[in-house]
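Visitor: What follows is a single structure, and I will ask about it in a moment.
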């Protein structure tokens, strides 16, 4: 590898102006990798490479020098790459010219993993401490015991788990952050809707995505597990709530309503919901979930935007680009 090129992170690469053709070097994680077949029958790879500052996609064809190395590294592989800046449909999509997987010793270099893994902007320890206070506000004893039982089982995984593979809060501690944001919104909005049982709503929010602790796996790159593919987080979360609800002797009707919140929180069957929301609490939780998922996309996009950006790339979860330039304040 060249010693003359400084290592640039993804944000720095995206900040370069009129950089087409410029050589670069970076250390990146293979976030996603898929093998596809071209119309001529030749295989090619589509992949996302990234670090804690962002990610970008590129395509590698089988006749390229780095095809086999990247394919062997697979998702979660850490690569030192050299290439030339290029763009596709206005997006960064570099040409990779040289790729070297990092050894175990190199991966242990101080600060390397921290530079590669995106984390929630709020400290995880503070989020977890606040999370406990939201459990404490549940006044119904058996319902509170149900929630505590779930997190006694999954708490350590829940603390670091992402909330998604790519759509929203898709980074370490993202699930904890997403759930805390929903709980804050719940607390603020409950006075407006006296029809909503506050204990059920808060319990439903705290438990709604707990199935993701089983659905997702991976340290540097997140992917769906076997159970995640075959059952999905909605069903997995329902199973957790039912198991601990029965153990806590939660009365059947209240348990049924709690289970319904989890089964319906995705909103639409095509988004993963088992059923449509059909109780006041389930409608309330589903709407808060949708709100924070979309605002999570907004917040992350704004964090990763460069000074040169006016609009983001198209965000699938919003079906739109996002204006990232801050509002000009005039006196």
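Values in this text are rule-based calculations from the coordinates and carry no lab data. Because the structure is a prediction, the values reported are computed rather than measured. Cβ placement follows ideal geometry from the backbone for every residue including glycine, while neighbour counts extend to all protein chains displayed.
Visitor: Calculate I(q)/I(0) for segment 124-303 by the Debye formula, one identical point scatterer on each C-alpha and no solvent, and give its log10 at q = 0.17 Å⁻¹ to two decimals.
Guide: -1.05
Visitor: Right, here's the next one. Please find, in a Gaussian network model of the chain (springs between Cα atoms separated by less than 10 Å), the residue of 203, 34, 293 whose mean-square fluctuation is greatest.
Guide: Taking springs between Cα atoms under 10 Å, the residue moving most is 34.
Visitor: Could you give the angle, 0 to 90 degrees to the nearest 10, between helix 174-189's Cα long axis and the longest principal axis of the Cα atoms of the chain?
Guide: Taking the Cα atoms of the chain, the angle to 174-189 is about 40 degrees.
Visitor: While we're on this one: Over the chain, calculate the relative contact order: mean separation of alpha carbon pairs under 8 Å at least 6 apart, over the residue count, as a percent.
Guide: 13
Visitor: Once each part is reduced to its C-alpha centroid, what is the distance from segment 210-238 to segment 96-127 in angstrom?
Guide: 23
Visitor: Just for the chain, what percent of DSSP beta bridges are antiparallel, to the closest 5?
Guide: 95
Visitor: How big is the shadow of the Cα convex hull of segment 62-138, averaged over all directions, in nm²?
Guide: Quarter of the Cα hull surface area: 9.2 nm².
Visitor: Would you work out if segment 137-196 is rounded, prolate or oblate? Take a ≥ b ≥ c from the square roots of the eigenvalues of the alpha-carbon gyration tensor; rounded if a/c is under 1.5, else prolate when a/b is larger than b/c, oblate otherwise.
Guide: Taking the square roots of the gyration eigenvalues as a ≥ b ≥ c, segment 137-196 is oblate.
Visitor: Further, regarding this structure: Does anything in segment 21-49 have its amide N under 13 Å from the 7 Å Cα→Cβ label point of residue 97, and if so which residues?
Guide: From segment 21-49, the list is 21-26.
Visitor: Would you mind checking the tilt of helix 124-136 against the longest principal axis of the Cα atoms of the chain, expressed as 0 to 90 degrees and rounded to 10?
Guide: Computed tilt is about 20 degrees.
Visitor: On to the next question. Could you tell me the center-to-center distance, by alpha carbons, between segment 248-280 and segment 62-84 in angstrom?
Guide: 44
Visitor: What base-10 log of the normalised intensity I(q)/I(0) is obtained for segment 10-116 from the Debye formula, alpha carbons as equal point scatterers, at q = 0.13, 0.18, 0.19 Å⁻¹?
Guide: Log10 of I(q)/I(0), two decimals: -0.46, -0.88, -0.97.
Visitor: Taking the Cα-to-Cβ direction at residue 239 and at residue 327 and moving 7 Å from each Cα, how far apart do the two end points lie in nm?
Guide: So the two model labels end up 4.7 nm from each other.
Visitor: Let me ask you something else. Once the Cα gyration tensor of segment 252-305 is diagonalised, what are the square roots of 5 times its eigenvalues, in whole Å and ordered largest first, as equivalent ellipsoid semi-axes? The partial results should precede the final answer.
Guide: Values: eigenvalues 148, 24, 12 Å².
Equivalent ellipsoid semi-axes, largest first: 27, 11, 8 Å.
Visitor: If you fit an axis through the alpha-carbon atoms of helix 252-264 and take the longest principal axis of the Cα set of the chain, what angle between them do you get, 0 to 90°, nearest 10?
Guide: 20
Visitor: How would you classify segment 231-331 from its alpha-carbon gyration tensor, with a ≥ b ≥ c the square roots of the eigenvalues: rounded for a/c under 1.5, else prolate if a/b is greater than b/c, otherwise oblate?
Guide: prolate
Visitor: Where does each of 49-61, 169-181 land if you order them by average Cβ count within 10 Å, highest first?
Guide: The most tightly packed comes first, giving 169-181, 49-61.
Visitor: Please compute the length gained on full extension between residue 318 and residue 62, using 0.36 nm multiplied by the number of residues separating them and subtracting their Cα-Cα distance.
Guide: My answer for the length gained is 88.8 nm.
Visitor: How far apart, in nm, are the 7 Å Cα→Cβ label points at residue 308 and residue 130?
Guide: Reported label-point gap for residue 308 and residue 130 is 3.5 nm.
Visitor: So what's the convex hull volume per residue for the Cα atoms of the chain, in Å³? Before the final figure, lay out each step's value.
Guide: Working: hull volume 58.0 nm³, N = 331.
So the per-residue hull volume is 175 Å³.
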